[in-house]
Amino acid sequence: MDLSLFITQSGMEKIQRRIQYLMVEERPEVIRAIMVAREFGDLSENAEYKSAREKQRQIDTEIDHLRRRAAHLKVVDISVFPKDKIRFGSVCHACDLESGEEIRYQVVGVDELNFYDTEGIQPVSVLSPIGHALLGKQPGETTVVKAPMGDRRLKILAIL
């Protein structure tokens with residue numbers, strides 16, 4: 001099962017809003033900037049024109065990437081999952097046993113990380129060392145995160 005294809009409903013809605021924003025707000029603005037820059041004359045030496053065209057290429061590339069990716073993603077309805085153990089989309093309250101820091105994590109899809117905006121919750125990719133270590137754990141269990149910075153021990157306090 002390819003976990004990189006999963007996304008929560010909230011994550012998919014954020015991607016769709018980003019596509020809409022790029023198409024309705026940013027792209028028309030850049031098109032206007034290109035039209036204005038054309039009026040300055042010689043396009044071969046027109047820095048404003050070149051800059052606007054580059055911005056248009058970036059926007060079009062992002063729109064294309066997001067559309068293609070969204071077409072392949074599988075939306076997971078996390079509301080039907082029981083809260084007995086951590087699954088994709090779960091929010092959990094954990095304690096780092098070395099530092100004593102308490103953190104709320106949500107295990108989300110790879111594509112959601114750039115659009116995540118829930119305050120007080122740290123998003124972790126389902127494919128990341130932390131996300132991988134959390135999956136399947138129950139409240140009261142301790143898990144070891146094998147991270148590049150070294151091992152971390154997290155105790156699961158609750159699944160929210």
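May I ask you to list the residues in the range 98-117 that are polar (S, T, N, Q), surrounded by fewer than 17 Cβ atoms within 10 Å (Cβ to Cβ) and closer than 18 Å to THR143 by Cα?
SER99
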Just give me the residues in the range 138-151 being surrounded by fewer than 18 Cβ atoms within 10 Å (Cβ to Cβ) and either in contact (Cβ under 8 Å) with a residue 60 or more places away in the chain or in a strand (DSSP E or B) (or both), in sequence order. THR142, VAL144, LYS146, ALA147, GLY150, ASP151
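I need the full set of residues from the range 118-127 which are in contact with a strand residue (DSSP E or B) (Cβ under 9 Å, 6 or more places away or on another chain) and either buried (at least 17 other Cβ atoms within 10 Å of the Cβ) or among the hydrophobic types (A, V, I, L, M, F, W, C) (or both), in order please.
First, the residues of the range 118-127 that are in contact with a strand residue (DSSP E or B) (Cβ under 9 Å, 6 or more places away or on another chain): 118, 120-126.
ILE121, PRO123, VAL124, SER125, VAL126 - these are the residues of the range 118-127 that are in contact with a strand residue (DSSP E or B) (Cβ under 9 Å, 6 or more places away or on another chain) and either buried (at least 17 other Cβ atoms within 10 Å of the Cβ) or among the hydrophobic types (A, V, I, L, M, F, W, C) (or both).
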Looking at (1) in contact (Cβ under 8 Å) with a residue 12 or more places away in the chain; (2) exposed (fewer than 10 other Cβ atoms within 10 Å of the Cβ), can you tell me which one ALA71 breaks? (1)
Are there any pairs with C-beta distances below 8 angstrom linking a residue in the range 117-137 that is in the same structural domain as ASP84 (by TED's automatic domain parsing) and under 24 Å from LYS14 (Cα atoms) to a residue that is in a helix (DSSP H, G or I) and hydroxyl-bearing (Ser, Thr, Tyr), with the two at least 6 apart or on different chains, and if so which? VAL126/SER4; LEU127/SER4
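This table checks each residue for (1) assigned to a helix (DSSP H, G or I); (2) touching a Lys or Arg at 6+ places or on another chain (Cβ under 9 Å); (3) among the small types (Gly, Ala, Ser).
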| residue | (1), (2), (3) |
| --- | --- |
| ARG53 | yes, no, no |
| GLN58 | yes, no, no |
| THR61 | yes, no, no |
| ASP64 | yes, no, no |
| ARG68 | yes, no, no |
| ALA71 | yes, no, yes |
| PRO82 | no, no, no |
| LYS85 | no, yes, no |
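The values are calculated or read from the model by the stated rules, or taken from the named source; none is laboratory data. Everything quoted here is computed from the prediction, not taken from an experiment. Don't worry about glycine lacking a Cβ; one is built from the backbone with ideal geometry, like all the others, and counts go over all protein chains shown.
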